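Worksheet for the structure shown next.
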Amino acid sequence: MAENQAALERRIAVARNDDGVVTITIDRPEKKNALTFDMWRALAAAVCAAGEDAATRAIVLRGAGRDFSAGADIGEFSELRADADTARRYEAANSAAFAAIRNAPVPTIAAISGICFGGGFGIAAACDIRIATEDALFCVPAARLGLAYPVDAMQDIVHSAGIQMARYLAYSTDRLGAREARQAGLLLEVVADLAALETRAGEIAGKIAQNAPLSVRASKAAIRAVLTNEPADRKRAEELGTLTFDSRDYGEGREAFRQKRPPRFEGR
């Protein structure tokens, strides 16, 4: 049954601080933050809205409570993902959420604890930066459920974990611990516990927020162009890079360097 807007806003909670860091929390801890069909759509909308806001400097994605996310709510599958036709509609909602995160113009940071399975892994893999607690577990359980993982989500896992690890996870459905995930390149850092995770995610987002927004956006576009090797992505990255040289922030950066003071960037 579809949830009303107020319920969805509680399940996909959005908070913003004064530095332009937006935190999006998947808030369904009683179900290990498994996402319903409506929550997938709300997540995509929340990320898109944050990215379209010129004041946003970075986006942090996290789960409420102990776990990041168990992925899609399997309880809905018998009705909403029962066959190929219904699966296509369901996976379109998944893909829209992954794409919103992947294509967000600002950096996205996944703060991961506990379970990060299936679609939850897809959300984390679509992010630019991932940090996790020591108890974090990663799994791609599609083969245990008898279904296929969407190509775009698999693309993110390959890019984030590497070809060999992506193959192993998808074929074996084995669980990967945080230390192994860091060795594979999936994680930037592993921290001790939830308190350290919140602190470190805030520190990373804060450092990003202090820098010139146009420069950061251009860098994200350039990295994407390298990963996709698509002419359109390369052109977009070049356009954003060119804009930085005509920006007020470029002048501010030079002046701050000359005066030996912290720069005050405005994103224009």
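Between the residues GLY267, ALA195, PRO107, the greatest Cα displacement towards the positive end of the dipole of the chain, with unit charges on the Cβ of Lys, Arg, Asp and Glu, is found for GLY267. Classification of the range 5-209 by its C-alpha gyration tensor yields an oblate form. The axis ratio a/c (a ≥ b ≥ c) is 1.5 or more, and b/c is at least a/b.
Please report the spacing between the Cα centers of the range 89-131 and the range 141-161 in Å, no decimals. Here the answer is 12 Å between Cα centres. Between ALA125, ALA45, ALA232, the GNM of the chain built on Cα springs shorter than 10 angstrom shows ALA232 fluctuating the most.
About its Cα centre, the range 5-209 has a charge dipole of approximately 220 debye under the convention of +1 per Lys or Arg Cβ and -1 per Asp or Glu Cβ, with nothing else charged.
We did not get these values from a lab; they are worked out from the coordinates using the rules stated. Because the structure is predicted, anything quoted here is derived from the model rather than measured. Heads up, the Cβs are rebuilt from the backbone with ideal geometry, glycines too, and the neighbour counts pull from every protein chain shown.
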